[in-house]
Amino acid sequence: MDQPIGVIDSGVGGLTVASELMRQLPNEQLIYLGDTLRCPYGPRSEQEVITYTWQMVRFLMEKNIKMLVVACNTATAFALENLQNELPIPVIGVIEPGARAAIKTTQNLHIGVIGTEGTIKSEAYPKALKDINSKIHVNAHPCPRFVPMVEQGILSGEAAMEVVSETLVPMKKQNHIDTLILGCTHYPLIRETIQEVMGDRVTIISSGEETAREVSTILGYHQKLYTGNRKPAHEFYTTGKLEVFETIAGEWLDQPVSVITSVVIDY
Ligand code: DGL
């Protein structure tokens, strides 16, 4: 099936999932939309996140996608069920894959989760983790300064270290945690700094790898995997300025990104 896979996020964070999709499914074409103009979604109300997410989805549905990956934890927490109920194509989010990857990793059943205010308030992670294993202990903590920092292109160095170490003080106090879920797709972009602050004893989990595996399984099950041989022409759209998006896409994705377009989606 040569239709594309749609990937959405509030900004550049979903590129961390797109890059895994490109690695695991190199023949599939991706159409990515980041709502950079209205990023961050984290502090927004549930209704706002649902409205904006649907606007992104309508844009991608017009591009005839065969599957939708909600590569944003905040949108997954608030809108996934609604999207799965309403859309005629398979839809997956990033929270269940992230929870599954963490459960596979933890040795002592103490898992930390960091994410946006919206994701943490929704309690979607504790629920997803405890649905798999009710004995899991979860400590969740919001990190509202991370997404604006990443969207500005600050991914390392002293400034990043200062913000990350200040923000993670409460998480560091949870010294029994052996696994930390990056419950926001922007956070893998500052993973090295987060690892440095948390120390080697803590294994860091991002949901991209597990999510891509699941996309492959679902498309296979529906017999919708692309079986030919091609070099797919991915398309990237942002509602905001092109510069930071281009820089981060260029650094993060293994292949050169040729088409990045700025679009308006508030319809
Ligand atoms: N990447 C989004 C997430 O995973 C970022 C949220 C935001 O825009 O605040 O939640």
(request) Give the residue that is nearest to Glu246 (Cα to Cα), with candidates limited to residues of region 27-55 that are touching a helix residue (DSSP H, G or I) at 6+ places or on another chain (Cβ under 8 Å) and part of a helix (DSSP H, G or I). (result) Thr36
(message) Looking only at region 1-21, how many residues end up being of a type in the set (A, V, I, L, M, F, W, C), away from the ligand (no atom under 16 Å from the Cβ) and either modelled with pLDDT under 95 or under 11 Å from the mean Cα position of the chain (by Cα) (or both)?
(response) 1
(request) Could you grab the pairs with beta carbons closer than 8 Å, sequence gap of 6+ or different chains, first residue in region 1-23 and more than 16 Å from Glu209 (Cα to Cα) and part of a loop (DSSP other than H, G, I, E, B), second one within 16 Å of the ligand (Cβ to nearest atom) and acidic (Asp, Glu)? (result) Ser10/Asp35; Gly11/Asp35; Gly11/Glu151; Val12/Glu151
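Every residue in region 110-156 that is in a helix (DSSP H, G or I) and either in contact with an Asp or Glu (Cβ under 6 Å, 6 or more places away or on another chain) or over 24 Å from Ser10 (Cβ atoms) (or both), please.
Correct list: Ala128, Lys130, Asp131, Ile132.
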(request) Mind listing just one residue for me: the one in region 216-257 that is among the aromatic types (Phe, Trp, Tyr) and at pLDDT below 90 and, of those, farthest from Ser10 (Cα to Cα)? (result) Trp252
(message) I'm trying to understand the selection: among the residues of region 65-77, which are more than 10 Å from the ligand (Cβ to nearest atom) and either buried (at least 20 other Cβ atoms within 10 Å of the Cβ) or under 21 Å from Ile114 (Cα atoms) (or both)?
(response) Ile65, Met67, Leu68, Val69
(request) Name the one entry in Gly115, Gly93, Gly98 that is surrounded by 21 or more Cβ atoms within 10 Å (Cβ to Cβ) and farther than 21 Å from Lys172 by Cα. (result) Gly93
(request) Determine the pairs where a residue that is at positive phi, located within region 35-63, has a partner that is within 11 Å of the ligand (Cβ to nearest atom) with Cβ atoms under 9 Å apart, the partner being 6 or more residues away or on another chain. (result) none
(request) Could you check how many residues of region 25-55 are of a type outside the set (Phe, Trp, Tyr) and under 15 Å from Pro4 (Cα atoms)? (result) 8
(request) Return yes or no: is His176 crowded, with 20+ Cβ neighbours inside 10 Å and either touching a residue at least 24 places away in the same chain (Cβ under 8 Å) or more than 16 Å from the ligand (Cβ to nearest atom) (or both)? (result) no
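The values are calculated or read from the model by the stated rules, or taken from the named source; none is laboratory data. Keep in mind that this is a model prediction, so the values were computed, not measured. Methodologically, a virtual Cβ is constructed for each residue, glycine included, from the backbone with ideal geometry; neighbour enumeration extends over all protein chains shown.
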